[in-house]
1. Among 84-90, 103-109, 116-122, how do they line up from the highest to the lowest mean number of other beta-carbon atoms within 10 Å?
2. Calculate, in whole percent, how much of the Cα-Cα pair population of the chain lies beyond 26 Å.
3. What number, in percent, do you get for the relative contact order of the chain if the mean sequence gap of Cα pairs under 8 Å and at least 6 apart is divided by its residue count?
4. Provide the gained length on full extension for the span residue 92 to residue 111, in nm with one decimal, where the gain is 0.36 nm per separating residue minus the Cα-Cα distance.
5. Please tell me which of these pairs span more than 20 angstrom C-alpha to C-alpha: 36/82; 8/82; 27/92; 8/92?
6. With the cut-off at 1.5 for a/c, could you classify region 1-54 from its C-alpha gyration tensor as rounded, prolate or oblate?
7. Which part of region 85-128 falls in the paramagnetic zone of residue 52, meaning amide N under 17 Å from the point 7 Å along Cα-to-beta-carbon?
8. Multiplying the sequence separation of residue 101 and residue 64 by 0.36 nm and subtracting their Cα-Cα distance, what value in nm do you get?
Amino acid sequence: METYIFKKWETIIGIPNNLYFLSLSDKYGSLTIFLKELGDDENTKCLKIEFKHTLMYRVTPESSRILPTNEIPAYNGFWITKQSDLLNWFNKESAGIYDDADLIHYTICNLDNIIEVITTANGILSWTDVDL
């Protein structure tokens, strides 16, 4: 089993550790994920993460990924890699049509699940007041 190097995805400043999954929208190959800051008041933050040119994604409840894995460096935070078991699987399943593409594997670990995205574009993050 190979060990892959995930780097911390340096995102925007001030992302709290208490984000939970709020919603996901997949329209025309563009994926938008909303994570909400845990809290009771109406001023809690909502993080919007957008991925253009999304080729594949999966959302797994954190409780379903109990066994240690060589892929996820920590069950909290935002991670990025260009080499992983998931990318290898994706390339095999797509018969190598993306071999020349610069694929990026994003892993977003939050309070209740693990979101993984394969794309050819950088993720875009922003804070929003929208509460879906």
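Readers should treat all values here as calculations from the given coordinates under stated rules, not as data from a laboratory. Everything quoted here is computed from the prediction, not taken from an experiment. All Cβ positions, glycine included, derive from the backbone under ideal geometry; neighbour counts span all protein chains shown.
1. On the way: 84-90: 16.0, 103-109: 21.7, 116-122: 18.1.
Descending packing order for the listed peptides: 103-109, 116-122, 84-90.
2. Values: 1800 of 8646 pairs.
Of all Cα-Cα pairs in the chain, 21 percent lie more than 26 Å apart.
3. Working: 255 pairs, mean separation 43.6, N = 132.
Result for the chain is 33 percent.
4. Numbers: separation 19, 0.36 × 19 = 6.84 nm, distance 3.11 nm.
So the extension gain works out to 3.7 nm.
5. On the way: 36/82 27 Å; 8/82 12 Å; 27/92 25 Å; 8/92 26 Å.
The pairs that break the limit, which is 20 Å between Cα atoms, are 36/82; 27/92; 8/92.
6. Numbers: a/c = 2.28, a/b = 1.28, b/c = 1.78.
It comes out oblate by the Cα gyration axes.
7. Under cut-off, by backbone N: 102-104, 118-126.
8. Details: separation 37, 0.36 × 37 = 13.32 nm, distance 3.07 nm.
Working it through step by step, the gained length comes to 10.3 nm.
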